[in-house]
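This report concerns only the one structure given below.
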Amino acid sequence: PFTSYFGVSAGATNIAAYLCNQPKRNYTVITDYSCRPEFINVKRFIKGGHLFDLDWLWQETIREIRLKTEVFEQSQPEFYIVSTAINTGTAHYLKATKECKRKE
């Protein structure tokens, strides 16, 4: 119902799923994928590794429950993902488009 959407972190992924007409997608990510030992692993953390494996979460959800970007491309509202510049603390508003890709 809005002409513009702004999201930060998980809020941005929730908006993306909404604009892709996948309302239950992120519920599944939060209640299933983020509870798996591949994502959150205390033993790995205690041994000096990372507690959360965001790369695994990103890759697995793209493989298994990919966003329907073709639906997003047809939507009219503008969608901005908000990030913060690490050196200055200023906000950056990145317009989401079909050309946006995650930098490796």
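Summary of values
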item: Residue count for region 14-50, restricted to those that are within 18 Å of the chain's Cα centre (by Cα) and part of a loop (DSSP other than H, G, I, E, B); result: 9
item: Any chance residue 78 is in contact with a Lys or Arg (Cβ under 7 Å, 6 or more places away or on another chain) and surrounded by 11 or more Cβ atoms within 10 Å (Cβ to Cβ); result: yes
item: Verdict on residue 63 being in a helix (DSSP H, G or I), farther than 24 Å from residue 1 by Cβ and open to solvent by less than 100 Å² (accessible area, probe 1.4 Å); result: no
item: Pick from region 7-34, criterion of a type in the set (A, V, I, L, M, F, W, C) and open to solvent by less than 50 Å² (accessible area, probe 1.4 Å), ranking: farthest from residue 97 (Cα to Cα); result: 29
item: In region 40-60, the residues that are exposed (fewer than 15 other Cβ atoms within 10 Å of the Cβ) and among the polar types (S, T, N, Q); result: 59
item: Residue list for region 41-73, filter: over 17 Å from residue 23 (Cβ atoms) and touching a residue at least 40 places away in the same chain (Cβ under 8 Å); result: 58
item: Every residue from region 5-33 that is over 13 Å from residue 67 (Cβ atoms), among the polar types (S, T, N, Q) and at pLDDT below 95; result: 9
item: Single condition residue 37 does not satisfy, out of (1) under 21 Å from residue 96 (Cβ atoms); (2) exposed (fewer than 11 other Cβ atoms within 10 Å of the Cβ); result: (1)
item: Qualifying residue in region 40-58 (condition: modelled with pLDDT of 95 or more, among the polar types (S, T, N, Q) and touching a strand residue (DSSP E or B) at 6+ places or on another chain (Cβ under 9 Å)); result: yes
item: Residue within region 82-100 that is out of contact with any Leu (no Cβ under 9 Å at 6 or more places or on another chain), open to solvent by less than 60 Å² (accessible area, probe 1.4 Å) and at positive phi present; result: yes
item: Complete set of residues in region 20-40 that are within 30 Å of residue 77 (Cβ to Cβ) and free of Cβ contacts under 8 Å to residues at least 24 places away in the same chain; result: 23, 24, 26, 27, 30, 31, 32, 34
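The values are calculated or read from the model by the stated rules, or taken from the named source; none is laboratory data. Values in this document were obtained by computation on a predicted structure and should not be read as measured data. Every residue, glycine as well, gets a Cβ built from its backbone with ideal geometry; the counts of neighbours run over all protein chains shown. Side chains included, ligands, DNA and RNA excluded: accessible areas come from the protein's heavy atoms. Shrake-Rupley method; radii C 1.70, N 1.55, O 1.52, S 1.80 Å.
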